[in-house]
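Asks: The structure follows.
The values are calculated or read from the model by the stated rules, or taken from the named source; none is laboratory data. Because the structure is a prediction, the values reported are computed rather than measured. Neighbour counts run over all protein chains shown; Cβ positions are idealised from the backbone, glycine included.
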Amino acid sequence: MSRITPLSPEQMTPAQRRVRDTIIAGPRKTATHGPFNAWLQSPELADRAQNLGAFLRFSTSLSKRLSELAILVVARQWTAQFEWYAHRKLALESGLAEAVIDAIEARRRPDFANTDEIAVYEFTVELLDSCEVSDATYQAALDHLGPNGTVELVGLLGYYTLVSMTLNVYQVPLPEGEAPPLTK
């Protein structure tokens, strides 16, 4: 059960409604799922976080396949059920192999067919596990993503860590009838 009750538009302050309307008008088309209900408790945070998220999800130089790979690794790290539920389908649609997704779900290193996926996976896992990356791991990311893509990857990882933390703290439920996809 969620720790936060969604606000109806009538219950929202003008600032909350403004942010909600901005989210709905953007590429997500909804402000009623994921971390947004929690974030709307602080409209300023909600506005800044959703703007960063919209850029990181829809406008970076990273391919959707690589972005979704990184998002799934973060979701698995945090056992963020809603995040995994929402992004597993997007990862498949982006071209990420189902075997890769299944290995991440099982907390195993996937067998990758693409070297760019290896670079993103190793960077993500190393950063999440040790809070830093080695020179070799950094260089591999730089070789595949360039300076712009590498910094965007760091931003994506930080943003989806915030999302996962929010989902877990506020116990954001899955859609009605959906079972939690991840085990601890």
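Asks: Across the range 11-47, what is the number of residues that are of a type in the set (Val, Ile, Thr), free of Cβ contacts under 8 Å to residues at least 24 places away in the same chain and in contact with a helix residue (DSSP H, G or I) (Cβ under 7 Å, 6 or more places away or on another chain)?
Replies: Start the filter on the range 11-47 by keeping residues that are of a type in the set (Val, Ile, Thr), which leaves 13, 19, 22-24, 30, 32.
Adding the requirement that they be free of Cβ contacts under 8 Å to residues at least 24 places away in the same chain leaves 24, 30.
Okay, now just the ones that are also in contact with a helix residue (DSSP H, G or I) (Cβ under 7 Å, 6 or more places away or on another chain), so 30.
Selection size over the range 11-47: 1.
Asks: Now, a different point. Mind listing whichever residues of the range 95-115 are assigned to a helix (DSSP H, G or I), farther than 19 Å from ALA80 by Cβ and within 19 Å of the chain's Cα centre (by Cα)?
Replies: GLU98
Asks: Now for a different question. Quick check: anything in the range 139-159 part of a loop (DSSP other than H, G, I, E, B), more than 29 Å from PRO6 (Cα to Cα) and modelled with pLDDT of 95 or more?
Replies: Checked the range 139-159: no residue is part of a loop (DSSP other than H, G, I, E, B), more than 29 Å from PRO6 (Cα to Cα) and modelled with pLDDT of 95 or more.
Asks: Give me a count of the residues in the range 116-138 that are within 25 Å of THR79 (Cβ to Cβ) and either among the charged types (D, E, K, R) or assigned to a helix (DSSP H, G or I) (or both).
Replies: Of the residues in that region, 16 qualify.
Asks: With GLU93, GLU132, GLU122, GLU98 as the choices, which residue is of a type outside the set (S, T, N, Q), over 25 Å from PRO180 (Cβ atoms) and either touching a Lys or Arg at 6+ places or on another chain (Cβ under 8 Å) or exposed (fewer than 15 other Cβ atoms within 10 Å of the Cβ) (or both)?
Replies: After ruling out the rest, the residue left standing is GLU132.
Asks: Pairs under 9 Å by beta carbon, first residue over 17 Å from ASN114 (Cα atoms) and not assigned by TED's automatic domain parsing to the domain that holds GLU117 in the range 132-149, partner modelled with pLDDT of 95 or more and outside any helix (DSSP H, G or I), six or more apart or different chains?
Replies: none
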